[in-house]
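The values are calculated or read from the model by the stated rules, or taken from the named source; none is laboratory data. Treat the numbers as computed from the prediction; the structure is a model and nothing was measured. Backbone-built Cβ (ideal geometry, glycine too); neighbour counts: all protein chains shown.
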């Protein structure tokens, strides 16, 4: 038996005032956070002046002293979505 022919119906978006991605520029978590928690755990378990925590302390200091990149590129997805939205939705009825 041959397959039935299908009619392709164009997909329509629901009536939205605008397309938008929430928080496209989320920053990554602080890379030094794991080191900080391990240093605090070491201090809590063996005392603040423990010599065993020295390696963790120096690695935390080097992590904190490294400069963070300042020229982070912003995500332009919302700009392009707002630019392309009229072509996706099509003409609207006037009230």
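Is there any pair linking a residue in the range 62-73 that is closer than 16 Å to residue 29 by Cβ to one that is loosely packed, with under 10 Cβ neighbours inside 10 Å and modelled with pLDDT under 80, with Cβ under 9 Å and at least six apart or on different chains, and which?
Listed by first residue and then by second, the contacts come to 72/27.
Quick one: is residue 53 at pLDDT below 90, part of a helix (DSSP H, G or I) and farther than 30 Å from residue 81 by Cα? It would help to see each step written out before you state the result.
Working: at pLDDT below 90: yes; part of a helix (DSSP H, G or I): yes; farther than 30 Å from residue 81 by Cα: yes.
So residue 53 passes the test.
Taking the range 35-49 on its own, how many of its residues are exposed (fewer than 13 other Cβ atoms within 10 Å of the Cβ) and at pLDDT 90 or above?
So the first thing to find is which residues in the range 35-49 are exposed (fewer than 13 other Cβ atoms within 10 Å of the Cβ), and the list is 37, 41, 44-49.
From the residues that got through so far, the ones that are at pLDDT 90 or above too are 37, 41.
Here the count works out to 2.
Identify, from the list 92, 23, the residue that is modelled with pLDDT under 75 and at positive phi. Write out each step before concluding.
Numbers: 92 fails: at positive phi.
From the options 92, 23, the qualifying one is 23.
Report, by residue number, each residue of the range 40-50 that is within 33 Å of the chain's Cα centre (by Cα) and not in a helix (DSSP H, G or I).
Correct list: empty.
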